Amino acid sequence: MLDLGRLRALHAVAVHGSVGAAAAALGFSPSAVSQQIAKLERETRTTLLERRGRGVRLTDDAHQLVATAEQLLALVEEAEVRLEERRGLPSGRLSIGCFASAARGLMPRVLAELGTRHPALDARLTEVDPHISIELVVRGVIDLAVAHDWDIAPMPTPPGVEQAVIGDDLCDVLVPRDHPMATRASIRREELADERWITQPPGSVCHDWLMQTLRATGYEPRIVHQAEENHTQVALVAAGLGIALVPRLGRGALPPGVTPVRLDPMPTRRLHALWRTGAARRPAITETVRTLQELWPEVSAT
């Protein structure tokens, strides 16, 4: 009989693309995941992973097993949902995927509150890009995603996934303290044509929003520096190297050399919680979403 834990390990490698990434998602060491898959190969008497350079490739037999594993994991989830629903209390492991600034500015409060209220609930956080987190929910790798979209680019909900709004995160233009606009109460987008911009790399939600919005005003944004982390962007602004549009969530206190200025109209990004429809009745899901919505006003106010 095939071992479900070993099938789960193979499924994670298929989803995340490598043994190391699968191990990080499952909370194991890479060697432990490799051992699980080696045992599965012995059980099935077939090769499941092939070496390719420094990575691995799934064989055709492995892909067949992964498809079966997805079905089995969905059945296990349904059984767990029914048991937890009968108990009426949040319990068991809940895997949450969350983008960086919410992982820093929101989730510590939420996880601490859940731990106090529901000691039988084992909520575990993984920081992940919002686009990827939704796909991980669809594939059953994580139970709940905290993602965001922007006012001009709403986030579509895939089939089989439900969502709830957590709240709106406001964004400011950050300028160096000696910038001519640092004393302004607000700035209109049309006034920023000649500015040097610091933003996230292409492909990120924030970068795409900035490009689309400023192009709509009739000019091409001049991107001079790109950085994944908001804190790095803030440091570049403090050094006088450009301006940046940075959300408030997870931003922290600004250094003395940086001044926030309101952009008119003010950009907002909306935070969402997303989960699979099959798990919608699970108390762990409903209570976590409720806690996210309950704590958001306090977090956003600070």
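The values are calculated or read from the model by the stated rules, or taken from the named source; none is laboratory data. Here the structure is a predicted model, which is why all the values come from computation and not from measurement. Using ideal geometry, Cβ is built from the backbone for each residue, glycine included, and neighbour counts are taken over all protein chains shown. Only protein heavy atoms, including side chains, enter the accessible area calculation; ligands, DNA and RNA are left aside. Shrake-Rupley method; radii C 1.70, N 1.55, O 1.52, S 1.80 Å.
Here are the numbers for the structure shown:
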{"quantity": "3 or more residues open to solvent by 30 Å² or more (accessible area, probe 1.4 Å) and more than 27 Å from S18 (Cβ to Cβ): qualifying helices (runs of 4 or more DSSP H) within segment 31-132", "calculated": "60-87, 107-117"}
{"quantity": "Residue that is nearest to S95 (Cα to Cα) [pool: residues in segment 1-41 that are charged (D, E, K, R) and touching a residue at least 40 places away in the same chain (Cβ under 8 Å)]", "calculated": "R8"}
{"quantity": "Test: R184 is open to solvent by less than 70 Å² (accessible area, probe 1.4 Å) and farther than 23 Å from L295 by Cα", "calculated": "no"}
{"quantity": "Residue among A120, A79 that alone is over 15 Å from the mean Cα position of the chain (by Cα), over 24 Å from W296 (Cβ atoms) and at pLDDT 85 or above", "calculated": "A120"}
{"quantity": "Any hit, segment 264-271, residues being touching a residue at least 12 places away in the same chain (Cβ under 8 Å) and in contact with a Gly (Cβ under 7 Å, 6 or more places away or on another chain)", "calculated": "yes"}
{"quantity": "Positions within segment 257-286 being among the charged types (D, E, K, R), surrounded by fewer than 20 Cβ atoms within 10 Å (Cβ to Cβ) and touching a helix residue (DSSP H, G or I) at 6+ places or on another chain (Cβ under 7 Å), in sequence order", "calculated": "R281"}
{"quantity": "Matching residues in segment 234-256 - criterion: being farther than 20 Å from L106 by Cα and open to solvent by less than 30 Å² (accessible area, probe 1.4 Å)", "calculated": "V237, G242, I243, A244"}
{"quantity": "Scope segment 219-269; condition of a type in the set (G, A, S) and within 25 Å of the chain's Cα centre (by Cα); matching residues", "calculated": "A227, A235, A244, G250, G252, A253"}
{"quantity": "Failed condition for A164, given (1) assigned to a strand (DSSP E or B); (2) buried (at least 19 other Cβ atoms within 10 Å of the Cβ)", "calculated": "(2)"}
{"quantity": "Output for segment 94-132, where each listed residue is touching a residue at least 40 places away in the same chain (Cβ under 8 Å) and of a type in the set (D, E, K, R)", "calculated": "R104, R109, E113, R117, R124, D129"}
{"quantity": "Within segment 287-298, considering residues that are within 19 Å of the chain's Cα centre (by Cα) and farther than 18 Å from L89 by Cα, the one most open to solvent (accessible area, probe 1.4 Å)", "calculated": "Q293"}
{"quantity": "Subset of segment 1-30 that is in a loop (DSSP other than H, G, I, E, B) and either among the small types (G, A, S) or open to solvent by less than 70 Å² (accessible area, probe 1.4 Å) (or both) - its residue that is nearest to A123 (Cα to Cα)", "calculated": "G27"}
{"quantity": "Filtered residues of segment 72-99 (kept if within 15 Å of L144 (Cα to Cα) and small (G, A, S))", "calculated": "A74, S91, G92, S95, G97"}
{"quantity": "Positions within segment 218-231 being over 15 Å from A253 (Cβ atoms), of a type outside the set (G, A, S) and surrounded by 15 or more Cβ atoms within 10 Å (Cβ to Cβ), in sequence order", "calculated": "P221, I223, H225, Q226"}
{"quantity": "Unique residue being modelled with pLDDT of 90 or more and open to solvent by less than 60 Å² (accessible area, probe 1.4 Å) when the list is D149, D169", "calculated": "D169"}
{"quantity": "Members of segment 66-98 found to be in contact with a strand residue (DSSP E or B) (Cβ under 9 Å, 6 or more places away or on another chain) and within 16 Å of R139 (Cβ to Cβ), listed by number", "calculated": "V66, A74, E77, S95, I96, G97"}
